[in-house]
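I have placed the structure first, in the form of structure tokens, so that the comments after it can refer back to it.
The values are calculated or read from the model by the stated rules, or taken from the named source; none is laboratory data. The structure displayed is predicted, hence computed values, not measured ones. Ideal geometry is used to build each Cβ from the backbone, glycine not excepted, and the neighbour counts take in all protein chains shown.
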Amino acid sequence: MQLSKEGVATLSSEERVQYRNFLVSRVHDNKVIARVQANLVNAGYDLGQYGIHGVDGKKGTLTMKAIKSFQEFIGLKPTGKLD
């Protein structure tokens, strides 16, 4: 969901709060992914060349592969979920 300034101006107060919360949650999720990626890189996993050493805050193919590999390494079911 992405709105222009004009689009946001047409929202009710409640909808503006919901939209703000949505945007904040996306930023939070990206920061969590970036932290996980940094830890994976520090542990020796290859996340490619995007961002700084693969740390871009996006849960792409190489990140998912590394998460699953790490989960399997520590004896967890390799789901790729961050739980």
Here is a check on your reading of the model: is residue 31 in a loop (DSSP other than H, G, I, E, B) and either at pLDDT below 90 or in contact with a Cys (Cβ under 7 Å, 6 or more places away or on another chain) (or both)?
no
Subset of the stretch 46-80 [touching a helix residue (DSSP H, G or I) at 6+ places or on another chain (Cβ under 8 Å), basic (Lys, Arg) and either part of a helix (DSSP H, G or I) or at pLDDT below 90 (or both)]
58, 59
Check whether at least one residue in the stretch 30-47 is over 16 Å from the mean Cα position of the chain (by Cα) and surrounded by 15 or more Cβ atoms within 10 Å (Cβ to Cβ), and report yes or no.
yes
Conditions (1) assigned to a helix (DSSP H, G or I); (2) modelled with pLDDT under 85; (3) surrounded by 10 or more Cβ atoms within 10 Å (Cβ to Cβ): number failed by residue 6:
(3)
